[in-house]
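Encoded as structure tokens, the structure appears first; notes follow it.
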Amino acid sequence: MEWGAILTFAWIETGPFSAAMALYATGLNAWNQLQFEKPGEDEPGDISSFSCILHDDDIDHVRPFFSYTQVHARNGRVRLAGMVPKDHDKLRTANEIAYATFAETSNGVVVVQDGIQTFHQHPSIRHLLSNSPALSALTLPKITQLVAHDTGFAALSATHQVYTWGDERYPPCLGREPTDKRDLADLPTGPITKLAAGGYLLAALTRGNDLYCWGDAGRSRFLPGLADTPHPVVIGADKDVADVAVGEAHMLALTTDGEVYVIGDNSNGQLGVGGVAAS
């Protein structure tokens with residue numbers, strides 16, 4: 001699963017007599033970011049339940065942004081829906097590597113990867129494009145995933161270390177004391193294998209298929225028991241978790257037996273549960 005601020009994606013394999021994969025989505029559609037066919041003449045409306053928005057032979061991953069969506073195929077082809085902000089388009093044209101790796105907080109702070117281990121932080125894409133010096137640079141080894149939330153960033157390495165940094169006025173989002181090292185230790189059920197982040201909440205999956213979350217409880221009230229260090233989150237009857245997605249104020253978890261659990265704001269249909277404002 002993947003997430004945008006207020007939308008959610010999932011893709012599945014289909015049968016042998018049609019395109020091999022189908023992309024389903026739900027949530028905000030104000031810029032036709034969920035419309036891969038030619039948009040109609042009517043004003044676009046949000047999608048309130050998971051609906052198929054694309055069939056493709058070879059979906060590799062989805063990269064959602066607030067106003068547009070990219071679907072990447074394994075052969076390098078990219079499908080696009082929605083409205084691309086001018087600064088994003090300029091970055092893609094000027095520096096494809098930076099565009100492919102950048103992460104952006106809700107207030108526009110960006111981090112881009114330069115080479116294999118160095119991450120440069122800029123106050124905005126415009127600052128990056130001006131060739132101005134980065135505000136800071138971090139050397140992090142063998143990073144496989146970089147995620148952003150409202151106040152900062154988290155990165156996962158090939159050796160399962162998690163590094164967090166950002167606005168230290170919001171220490172709960174760091175998952176550690178601001179004076180500690182930037183990396184988080186292994187969790188009780190094994191090393192971390194995936195990160196997800198959004199709003200003021202971060203989530204981590206472990207090799208043991210357990211879900212841990214941390215963040216600012218005052219700003220992420222939809223998740224009971226949230227604390228400023230990683231704490232386990234029980235899904236259903238203590239089910240194993242295969243995947244997790246976090247949006248601005250909602251979260252979805254996919255269990256190993258194929259069930260999807262949702263919680264949080266549903267004002268734009270991002271939970272895929274029609275008829276309710278929150279769940």
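The values are calculated or read from the model by the stated rules, or taken from the named source; none is laboratory data. Because the structure is predicted, anything quoted here is derived from the model rather than measured. Note that we place each Cβ from the backbone using ideal geometry, even for glycine, and neighbour counts take in every protein chain shown. Each accessible area value is taken on the protein alone, full model and side chains, heavy atoms only, with ligands, DNA and RNA left out. Shrake-Rupley method; radii C 1.70, N 1.55, O 1.52, S 1.80 Å.
Whole Å is fine, so just give me how far the alpha carbon centre of region 24-101 lies from that of region 210-279.
23
Sequence-distant or interchain residues sharing an amide H contact under 5 Å with Lys194, placed H: which?
HN-HN under 5 Å from Lys194: Leu205.
Work out the length of the dipole vector of region 205-279 about its Cα centre, built from +1 on the beta-carbon of each Lys and Arg and -1 on the beta-carbon of each Asp and Glu, and round it to the nearest 20 debye.
I would put it at about 140 debye.
Quick one: net charge around Thr105, please, counting Lys, Arg +1 and Asp, Glu -1 for every other residue with C-beta under 11 Å from its C-beta.
-3
Can you tell which of Gly175, Leu146, Ser136 lies farthest toward the positive end of the dipole of region 109-200, using +1 and -1 charges on the Cβ of basic and acidic side chains (Lys, Arg; Asp, Glu)?
Comparing the listed Cα positions along the dipole, Leu146 ranks first.
At a threshold of 8 angstrom on Cα-Cα distance, excluding pairs fewer than six apart, so keeping six or more, what relative contact order does region 158-220 reach in percent?
29
How much of the accessible area of the chain, probe 1.4 Å, is carbon plus sulfur, in whole percent?
Within the chain, the accessible surface is 50 percent carbon and sulfur.
Using a probe radius of 1.4 Å on heavy atoms only, what accessible surface per residue do you get for region 119-207? Whole Å² is fine.
Value returned for region 119-207: 45 Å² of accessible area per residue.
If only Cα atoms are counted, what is the Rg of region 87-165, and what is its Dmax, in Å?
Radius of gyration, then largest Cα-Cα span, for region 87-165: 11.9, 35 Å.
What aspartates and glutamates sit close enough to Lys90 to cross-link, taking a C-alpha to C-alpha distance under 20 Å and skipping anything fewer than 8 places away on the same chain?
Candidates past the 8-residue exclusion: Glu104, Asp114.
Using Stokes-Einstein with the Kirkwood hydrodynamic radius over Cα pairs, what translational diffusion coefficient do you get for region 210-265 at 10 °C and a viscosity of 1.306 mPa s, in µm²/s rounded to a whole number?
D = 137 µm²/s.
Mind jotting down the three principal axis lengths of the chain based on Cα atoms? Whole angstrom, largest first.
For the chain, the Cα spread along each principal axis is 53, 51, 35 Å.
What is the sum of charges around Gly236, taking Lys and Arg as +1, Asp and Glu as -1, for the other residues whose C-beta is under 12 Å from the C-beta of Gly236?
Once all neighbours under 12 Å are counted, the net charge is -3.
Explain nothing, just the number: relative contact order of the chain, from Cα pairs under 8 Å at least 6 residues apart, as a whole percent.
Relative contact order of the chain: 15 percent.
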